[in-house]
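First up is the structure itself, then whatever we jot down about it.
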Amino acid sequence: MSNSIINPQNLVYQKSSLILDNTMHYCPGCSHSTVHRIVAEVIEEMNMQEKTIGVAPVGCAVFIYNYIDVDFSESAHGRAPALATAIKRLNPDHLVFTYQGDGDLAAIGTGETIHACNRGENIAIIFINNGIYGMTGGQMAPTTLVGMKSSTCPNGRDVELNGYPLNITPLLAQLEGTCYVTRQSVHTANNVKKTKKAIRKAFENSMANKGTSVVEVVSTCNSGWKMTPVQANTWMEENMFPAYPLGDLKDK
Amino acid sequence: MLKGNEAIAHAAIRCGCDGYFGYPITPQSEIMETLMDLKPWESTGMVVLQAESEVASINMVFGGAATGKKVMTSSSSPGVSLMQEGISFACGADLPCLTVNVMRGGPGLGTIQPSQADYFQSVKGGGHGDYKLIVLAPNSVQEMADFVDLGFTLSFKYRVPALILSDGVIGQMMEKVILPPFKPRFTAKEIAEQTPWAAYGKPASRSQNVITSLELDPAKMEKKNIERQERLRIVEATEVRYDEYKCEDADYLIIAFGSAARISQKAVEILREEGIKVGLLRPITLWPFPTKVIAKYAEKVKSMLTVELNAGQMVEDVRLSVNGKVPVFHYGRMGGIVPNPEEIVDALKKQI
């Protein structure tokens, strides 16, 4: 996108040069597009675009590499922290991050998540928690709330049958290997700013070899939740935030 | 004098391996233990990491390989089953890498004693999808040492993951070995040149590299698969390896790999002393399988006998190779039992 017609002093905003010009496949109202934009801006502001290797998840964001112009590897479902472990140890001067949903990080990938954090790998884990499996059509996630409906708990999550929502982030904060664990959101301009600061801190921590940083972004999935984007934001504030409160859980 | 497992570790360091990621399992834990003992991170900078599972190990290999590094893992049968997802993904992303399977008896938790019952898993694919691994079957400590560099070389040449298919006998036995000379690890420049497709960090001079096995457009996905199959045909045409022992005038052929081949060689000598003209054909690459040479012998011999530590796996590929021309028999032991040469002698005599 050319900015040659705009005088620098008049430029209010331009998209990061690391955002590729591919039409995003995300639903209108999805948090992914905002977080992608933040990640791209932070990499560019840190001038790390030539030394960044991202690890994509399985989930709606499986195509993150279509939108952010750095080198990426796909990962099998949940395995991203294992890939990132090797990538960072073999390329220690690179910025290495994973970008994962709730199924990736807290269901199938629980083992890889906990052990990468426990080893204190110098990586940043971005955890998009919207309490549902969007890509596969709206099934229950480990972070789905009690009573919340999904295609595999159509009568609402039942504790007897499915157990409690898995509050994994505090568990990760307890591990010695994590240096920074925080919960943010991107549903208001102010929260977008905070999330960007958090991701910047996470990336800087990993380049300073301080250990693992986990940035959870409590998010909406208005398609999976069967709401409008605005309704979803409100529902998130009223239901997700009490279960997954925003703020820093750890900051060494 | 080294154990087969120890030889793998020494050879890995010497061939310029960048990283080993593994999980303990009998009978191959010595591979990682030897690596830890030798501390290559102090000499060559090689990363050696004990992962939390075989699932994590193979995915660490995937990650490292995605960035153009020379990486490997090792395990034994039940652990290699856990790695099948990662192996399928590595094949789908055309990543060079090396896995070592020191087979033990199965299925399931099985036994810790040797077996060759993972032939199907290795050669026909234990993972999902259309793929092949380059499978090397050592029958000595020397070959355990030699096949690490060979496996990596072939893997990088064709972008096909390689597998060293060993067993508990070869992993644990001690023999004299000449270790390969030291090769330096790849430099960043070499990685950019020899694996330009790798995700090593996008310089301004090129567009982004994405390592993926995913392609949702069926037409494009078919093209990818066709190209992969064409590459595999080239491997089949050029990289078959086998050993012939007393086959020139043979009336009967024994076909065996790995430790079964070592025992069969003794059986051949016993039979020859009794005046029976037997030869041993030892496939070294189980994939690509030495189909052509077996078909050639099918024109000359009266029958063939495969000797395997399993219920009959490689025998199917021998039957495919002879295409009905001669009878093919199988002699196998299971449960970790290792046959003695006399059993093989008796088995062959039965088919005369």
| query | Is at least one residue of the range A:155-176 of a type outside the set (Ser, Thr, Tyr) and within 24 Å of residue A:40 (Cβ to Cβ)? | reply | no
| message | Against the conditions (1) under 17 Å from residue A:204 (Cα atoms); (2) out of contact with any helix residue (DSSP H, G or I) (no Cβ under 8 Å at 6 or more places or on another chain), where does residue A:31 fall short? Just the number, please. | response | (1)
| remark: Of the listed residues (B:82, B:98), the one being on the phi < 0 side of the Ramachandran plot, aliphatic (A, V, I, L, M) and more than 12 Å from chain A (Cβ to nearest Cβ) is B:98
| task | Working only within the range B:196-226, note down all residues that are exposed (fewer than 11 other Cβ atoms within 10 Å of the Cβ) and either in the same structural domain as residue B:70 (by TED's automatic domain parsing) or charged (D, E, K, R) (or both). | result | B:206, B:217, B:220
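Residue-wise test of (1) buried (at least 18 other Cβ atoms within 10 Å of the Cβ); (2) touching a residue at least 40 places away in the same chain (Cβ under 8 Å).
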| position | (1), (2) |
| --- | --- |
| B:301 | yes, yes |
| B:310 | yes, yes |
| B:318 | yes, yes |
| B:323 | no, no |
| B:326 | yes, no |
| B:330 | yes, no |
| B:337 | no, yes |
| B:346 | no, no |
| task | Confirm whether residue B:222 is of a type outside the set (Ser, Thr, Tyr), without any contact (Cβ under 8 Å) to a residue 12 or more places away in the chain and away from chain A (no Cβ under 14 Å). | result | yes
| Of all residues in the range A:81-120, how many are over 17 Å from residue B:66 (Cβ atoms) and basic (Lys, Arg)? | 1
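Kindly indicate whether any position in the range B:135-148 is of a type in the set (A, V, I, L, M, F, W, C), in a loop (DSSP other than H, G, I, E, B) and buried (at least 19 other Cβ atoms within 10 Å of the Cβ).
As a first pass, look at the range B:135-148 and keep what is of a type in the set (A, V, I, L, M, F, W, C): B:135-137, B:141, B:144-145, B:147-148.
Then keep just the ones that are in a loop (DSSP other than H, G, I, E, B); that gives B:137.
With buried (at least 19 other Cβ atoms within 10 Å of the Cβ) added as a condition, the list becomes B:137.
Yes.
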| message | I'd like to check something: does the range B:238-260 contain any residue that is under 29 Å from residue B:27 (Cβ atoms) and free of Cβ contacts under 8 Å to residues at least 24 places away in the same chain? | response | no
| task | Please verify whether the range A:63-83 includes one or more residues that are facing chain B (nearest Cβ under 9 Å), within 20 Å of residue B:58 (Cα to Cα), touching a residue at least 12 places away in the same chain (Cβ under 8 Å) and β-branched (Val, Ile, Thr). | result | no
| said: Can you tell me which residue is nearest to residue B:201 (Cα to Cα) among those in the range A:84-103 that are within 8 Å of chain B (Cβ to nearest Cβ) and part of a loop (DSSP other than H, G, I, E, B)? | reply: A:94
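Within the group B:111, B:99, which residue is assigned to a loop (DSSP other than H, G, I, E, B) and either closer than 21 Å to residue B:71 by Cα or touching a residue at least 40 places away in the same chain (Cβ under 8 Å) (or both)?
On the way: B:99 fails: assigned to a loop (DSSP other than H, G, I, E, B).
Of the residues listed, the single one that is assigned to a loop (DSSP other than H, G, I, E, B) and either closer than 21 Å to residue B:71 by Cα or touching a residue at least 40 places away in the same chain (Cβ under 8 Å) (or both) is B:111.
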| said: Please pick out the residue among A:133, A:99 that is under 30 Å from residue B:46 (Cα atoms) and either in contact with a helix residue (DSSP H, G or I) (Cβ under 6 Å, 6 or more places away or on another chain) or crowded, with 23+ Cβ neighbours inside 10 Å (or both). | reply: A:99
| So how many residues does the range B:10-48 have that are part of a helix (DSSP H, G or I) and either within 14 Å of chain A (Cβ to nearest Cβ) or out of contact with any Lys or Arg (no Cβ under 7 Å at 6 or more places or on another chain) (or both)? | 17
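The values are calculated or read from the model by the stated rules, or taken from the named source; none is laboratory data. Predicted model, so just to flag it, every value in this text is computed and none were measured. All Cβ positions, even for glycine, are placed from backbone atoms using ideal geometry, and neighbour counts span all protein chains on display.
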